[in-house]
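> Could you have a look at this structure, given as structure tokens, before my questions?
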Amino acid sequence: MNKILVTGSLGQIGTELVDYLRGIYGSANVIASGRRDKQDSSIVTEGPFELLDVTDPKKTENVVKNNRVNTIYHLASLLSATGEKDPQALWNINMNGLINVLEAARAQGCSVFYPSSIAVFGAESPKDKTPQVTITRPSTIYGISKVAGELLCDYYHMKYGFDIRGLRYPGIISNIALPGGGTTDYAVHIFYDAIKHGKHTCFLKEDTFLDFIYMPDALEGAVKLMEADPAKLRHRNAFNVTAMSITPKQLCAEIKKHRPEFTINYEIDPVRQDIADSWPNSIDDSAARSEWGWDPEYNLEKMTKDMLDVLSARLK
Ligand code: SER
């Protein structure tokens, strides 16, 4: 029987992953956790919830032990733009949080899911179809923490033999919880603005290519990887995954097909533009496809239609 702990449950991915996992494994078997308690969230009211700051090692171990957890989805993390405002806070949460989770997992014999990011790549990485294994010398503190995190996960696997798997997520587009402090966030805000105001001011240049996936694929991918036959995994951790490589201009054009009155203008944020420029235009996810069957359902057209349908029904 799976007993799962999700850290960072009230974030963009966690909010939906907890529901998704509860649907598969049963509500009582998925313990949500977060630094804050949000009583208006179904995450807190419809299943077990623990207040947990992963920078506290003792509390992290106790939550894992007391709930007899055997699998941890470790999502608690700060994102790229927030990290540039406070690099030391990012290091504390992303790195000390990770080692605390790995230590708790080691003590209790848990498997771990670790989300890495396209942020591990930097100016020296190939820009197009960036390979699974290539130069990873990022220029953001977030990217540095994710490279270090990937290596730490590999190290714990080699040294202690427990099961740690992970994906390098690109930007994730979703319609329940908003992302916070990321560089790819424009691709979520653009939909809310399209519906509420008919216009969006984008902080990236119109021709900035970045990879994205839609949340249903992000959730399915995580569970599919965790359930995959280990004998078929050559890489195990840090798999590149993507579903679309797009620019703000292309996303705007796709929204306009449904909402012709929609307009966009650009006010470039130099910090986030620099970050985006240091990341790939598109990544190669063939290892994920061949080793465990990554096969995203949503491309630009299908994701855009679904986002507009779901959000316009909700925000009406
Ligand atoms: N979505 C993240 C960010 O923009 C990338 O992993 O920071």
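The values are calculated or read from the model by the stated rules, or taken from the named source; none is laboratory data. Remember, it's a predicted structure, so these values are computed and weren't measured experimentally. Don't worry about glycine lacking a Cβ; one is built from the backbone with ideal geometry, like all the others, and counts go over all protein chains shown. These area figures cover heavy atoms from the full protein model, side chains too; ligands, DNA and RNA do not enter into them. Shrake-Rupley method; radii C 1.70, N 1.55, O 1.52, S 1.80 Å.
> When only DSSP loop residues count, what GluC sites (Glu not before Pro) in the stretch 227-316 have their Cβ near at most 14 other Cβ atoms within 10 Å? Can you show the working numbers first?
Working: sites: GLU227, GLU254, GLU261, GLU267, GLU291, GLU297, GLU301; in loops: GLU261, GLU267, GLU297.
Answer by residue number: GLU261, GLU267, GLU297.
> Residue by residue, what Karplus-based ³J(HN,Hα) values in Hz, rounded to whole numbers, does the stretch 298-315 have, using 6.51, -1.76 and 1.60 with θ = phi - 60° and x for Gly and Pro?
Each residue's phi maps through the Karplus curve to give 9, 9, 4, 5, 5, 5, 4, 4, 5, 4, 5, 4, 5, 6, 5, 5, 6, 8 Hz.
> Of all DSSP beta bridges located in the chain, what percent are antiparallel, nearest 5? Please list the in-between numbers first.
Working: 3 of 32 bridges.
Taking every DSSP beta bridge with both residues in the chain, the antiparallel ones total about 10 percent.
> While we're looking at this one, here's another question. So if I place +1 on the C-beta of Lys and Arg and -1 on the C-beta of Asp and Glu, and nothing else carries charge, what would the dipole magnitude of the chain be about its Cα centre? I want it in debye, nearest 20. Display every interim value, and only then the final one.
Values: 35 positive and 40 negative charges, 86 e Å.
Here the chain has a charge dipole of around 420 debye.
> Considering only protein heavy atoms, what per residue accessible area in square angstrom results for the chain with a 1.4 angstrom probe? Mind dumping the intermediate values first?
Numbers: 13390 Å² over 316 residues.
Per residue, the chain has an accessible area of 42 Å².
> Going by alpha carbons, how many degrees (0 to 90, nearest 10) lie between the helix axis of 141-160 and the longest principal axis of the chain?
Helix 141-160 sits at roughly 30 degrees to that axis.
> Of the options VAL241, GLN39, VAL147, report the single residue whose Cα projects farthest towards the positive end of the charge dipole of the chain (beta-carbon charges: Lys, Arg +1; Asp, Glu -1).
GLN39
> While we're looking at this one, here's another question. May I ask you to give the percent of accessible area on the chain that is carbon plus sulfur, with a probe radius of 1.4 Å?
Values: 6670 of 13390 Å².
So the carbon and sulfur contribution to the accessible surface is 50 percent.
> Per the helix-only calculation at 222 nm, which mean residue ellipticity applies to the chain, given -39500 (n - 2.57) for every DSSP H run of n ≥ 4 and division by its residues, nearest 500 deg cm²/dmol?
About -13000 deg cm²/dmol.
> Could you tell me which residue out of ASN66, LEU5, SER111 lies farthest along the dipole of the chain toward its positive end? Charges go on the beta carbon: Lys and Arg +1, Asp and Glu -1, centred on the Cα centre.
ASN66
> Highest GNM mean-square fluctuation, the chain, Cα pairs closer than 10 Å: which of SER139, SER290, SER282?
Ranking SER139, SER290, SER282 by mean-square fluctuation puts SER290 first.
> Putting +1 on Lys and Arg Cβ atoms and -1 on Asp and Glu Cβ atoms, find which of ILE213, ILE164, THR201 reaches farthest to the positive end of the dipole of the stretch 152-218.
Positive-end residue among those listed: ILE164.
> For the cross-link pairs LYS249/LYS316; LYS3/LYS129; LYS199/LYS305; LYS3/LYS58, which exceed 29 Å when the distance is taken from alpha carbon to alpha carbon? Working shown, then result.
Details: LYS249/LYS316 26 Å; LYS3/LYS129 37 Å; LYS199/LYS305 17 Å; LYS3/LYS58 20 Å.
Going by Cα-Cα distance, LYS3/LYS129 fall outside the 29 Å limit.
> Here's a follow-up. What is the magnitude of the charge dipole of the stretch 111-187 about its Cα centre, with +1 placed on the Cβ of each Lys and Arg, -1 on the Cβ of each Asp and Glu, and no other charges, expressed in debye to the nearest 20?
Working: 7 positive and 6 negative charges, 16 e Å.
Computed charge dipole of the stretch 111-187: roughly 80 debye.
> Moving to a separate point now. Just need the relative contact order of the chain here, percent rounded to a whole number, with Cα pairs under 8 Å and 6+ apart. Could the numbers behind the result be given before it?
On the way: 640 pairs, mean separation 57.6, N = 316.
Relative CO of the chain lands at 18 percent.
> At most 11 other Cβ atoms within 10 Å and a DSSP loop assignment: could you name the trypsin sites (Lys or Arg not before Pro) in the stretch 149-242 that fit?
Details: sites: LYS159, ARG165, ARG168, LYS196, LYS199, LYS205, LYS224, LYS232, ARG234, ARG236; in loops: LYS205, ARG234, ARG236.
Qualifying residues, ordered by number: ARG234.
> Report Rg(Cα)/(2.2 N^0.38 Å) for the chain, keeping two decimals.
Numbers: Rg = 18.8 Å, N = 316, 2.2 N^0.38 = 19.6 Å.
Compactness ratio reported: 0.96.
> For ARG106, ARG22, write out the residues from largest to smallest accessible area, computed with a 1.4 angstrom probe and no ligands counted. Display every interim value, and only then the final one.
Values: ARG106 100, ARG22 15 Å².
Ranking ARG106, ARG22 by accessible area, largest first, yields ARG106, ARG22.
> Further question on the same structure: Tell me, what ³J(HN,Hα) does each residue in the stretch 201-207 have, in order and in whole Hz, if you take phi through Karplus 6.51 cos²θ - 1.76 cosθ + 1.60 with θ = phi - 60° and put x for Gly and Pro?
These are the phi-based 3J(HN,Hα) values: 9, 9, 8, 10, 5, 5, 9 Hz.
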